[in-house]
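The values are calculated or read from the model by the stated rules, or taken from the named source; none is laboratory data. Owing to the predicted nature of the structure, the values given are computational and were not obtained by experimental measurement. Here the Cβ is made from the backbone with ideal geometry for all residues, glycine too, and neighbour counts use every protein chain on show. In case anyone asks, the SASA skips ligands and DNA or RNA and just uses the protein heavy atoms, side chains included. Shrake-Rupley method; radii C 1.70, N 1.55, O 1.52, S 1.80 Å.
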Amino acid sequence: MRYRLFYIPMTDLSFDVLRRLADGEFHSGATLARTLGVSRGTVWNAVRAIDAAGLSVYKVRGRGYRLAEPISLLDHATVAAHAGAYSQRWAIELLDAVDSTNTLLMQRAAHGAPSGTVIAAECQRDGRGRMGRPWHAGVGGALTFSALWRFDLGAGALGGLSLAAGVALIRALKKLGTDEARLKWPNDVVWRGQKLAGMLIEMQGDALGPSTVVIGIGVNVRLSNAVKSRIDQPAADLEAACGRTLDRSAVLGTVLAQLAIVLDRFAEDGFAPMREEWQRYHVHQGRSVAVKLPTGRVERGLALGVGDDGALLFQTGEAVRRLHSGEISLRGSDPAKTPRAQKARRVRSRA
Ligand code: ATP
Ligand code: BTN
């Protein structure tokens, strides 16, 4: 029998039960209750929360509970193995549930957390995208983490940093097995027109320095239908892009290695040495785009590329303007054909 229930928050106990169910084998309610020192009813509630978080749990009388598919939870040793020598550059904390890894790491930064602190979470209660938009992620299938880096540079010199982080992510995804991931300005990763990953960069500091940056990255490693249905634009996952199953800890280690390389280079030379590489992966390079400005006005033009400071070089008629990311959204030029419009149409026609 399968149970599908409404949202029930994952508690510490739900994660304890999930760790035992992660192998995809049957575990009896009585054994779980005994080993965890709780009642069978409490185990049942924990199972309901796991199911509500989007992981299918089967219950078979006489055998107990089993996940529909085994999952691997985040694991320090696997992250370190994939980060290789660069794992020494990071102090990694793996947590079960947080509101947002970015929010928590920004607070830690304000209290003096050192450069290289990383927080990754199995689950975010309030994952954030740009401009107050939500970031959706399912337990066991998403990689959600934030990395703190301190620069001597002033905030004014960090313009291209979010694009540099995009280069790190693309390099990592390439190492993991996809050549088709592309960058969408300022810092989305798309695969075949669908969003695969997003980045939220937040900064503290003065114009003249030093400054502190929190780089939040969300990667869909395996996207369940339940999560996909909550996203209002086409989304894809890395397993589809790579054509194989992936371990989220391996993905995290691989990304952290590339991030350390890119952040070191950025501290020395800024974004300029990575600009050409960024443009090679730019999904709209040389193409018509529609840009939604902070005023809400939409302008059409040509995306010529990016500047050394990370600005989008946007041509309208004879003029080339430099747009800075702030509150700007970019889409392919025919709004009716944008992924978001297509998805909205699909949702409307289902309703
Ligand atoms: P732009 O940066 O051009 O405004 P965007 O529409 O992707 O692009 P963002 O603020 O970058 O907006 O990202 C937040 C958006 O990402 C959400 O509004 C939602 O459409 C989408 N989203 C949320 N969760 C996921 C996810 N797991 N996978 C893919 N997309 C997601
Ligand atoms: C976007 O596409 O707008 C950015 C999405 C960023 C999501 C990541 S998940 C880890 C970190 N914590 C958050 O709350 N957001 C970022």
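Quick notes on this structure:
- Exclusive hit being surrounded by fewer than 15 Cβ atoms within 10 Å (Cβ to Cβ), at negative phi, modelled with pLDDT under 95 and of a type in the set (K, R), set R346, R280, R331: R346
- Whichever residue in region 51-78 is among the aliphatic types (A, V, I, L, M) and farther than 19 Å from L13 by Cβ and, among such residues, is nearest to the chain's Cα centre (by Cα): A77
- Hey, V213 within 11 Å of ligand 1 (Cβ to nearest atom) and either surrounded by 23 or more Cβ atoms within 10 Å (Cβ to Cβ) or touching a residue at least 40 places away in the same chain (Cβ under 8 Å) (or both) or not: no
- Taken over region 87-108, the criterion of being within 16 Å of ligand 1 (Cβ to nearest atom) and open to solvent by 40 Å² or more (accessible area, probe 1.4 Å) is satisfied by D99, T103.
- Checking G177, G129 one by one, the residue that is under 13 Å from the mean Cα position of the chain (by Cα), in the same structural domain as V219 (by TED's automatic domain parsing), touching a residue at least 24 places away in the same chain (Cβ under 8 Å) and surrounded by fewer than 18 Cβ atoms within 10 Å (Cβ to Cβ) is G129 and no other.
- Selection of region 180-190 for residues being open to solvent by 20 Å² or more (accessible area, probe 1.4 Å) and either within 8 Å of ligand 1 (Cβ to nearest atom) or part of a strand (DSSP E or B) (or both) yields R182, K184, D188.
- Only one of the numbered conditions (1) modelled with pLDDT of 95 or more; (2) under 17 Å from the mean Cα position of the chain (by Cα); (3) within 16 Å of ligand 2 (Cβ to nearest atom) is not met by V227, and that is (1).
- Members of region 93-144 found to be among the β-branched types (V, I, T), under 24 Å from I231 (Cβ atoms) and modelled with pLDDT of 95 or more, listed by number: V98, T101, T103, I119, T144
- Restricting the search to helices (runs of 4 or more DSSP H) fully inside region 31-147 and requiring at least 3 residues that are over 30 Å from Q258 (Cα atoms) and away from ligand 2 (no atom under 14 Å from the Cβ) gives 40-52.
- Yes/no for A157 being open to solvent by 10 Å² or more (accessible area, probe 1.4 Å), closer than 23 Å to G305 by Cα and out of contact with any Lys or Arg (no Cβ under 9 Å at 6 or more places or on another chain): yes
- Any chance A147 is closer than 20 Å to G205 by Cβ, of a type in the set (G, A, S), assigned by TED's automatic domain parsing to the domain that holds D237 and open to solvent by 40 Å² or more (accessible area, probe 1.4 Å): no
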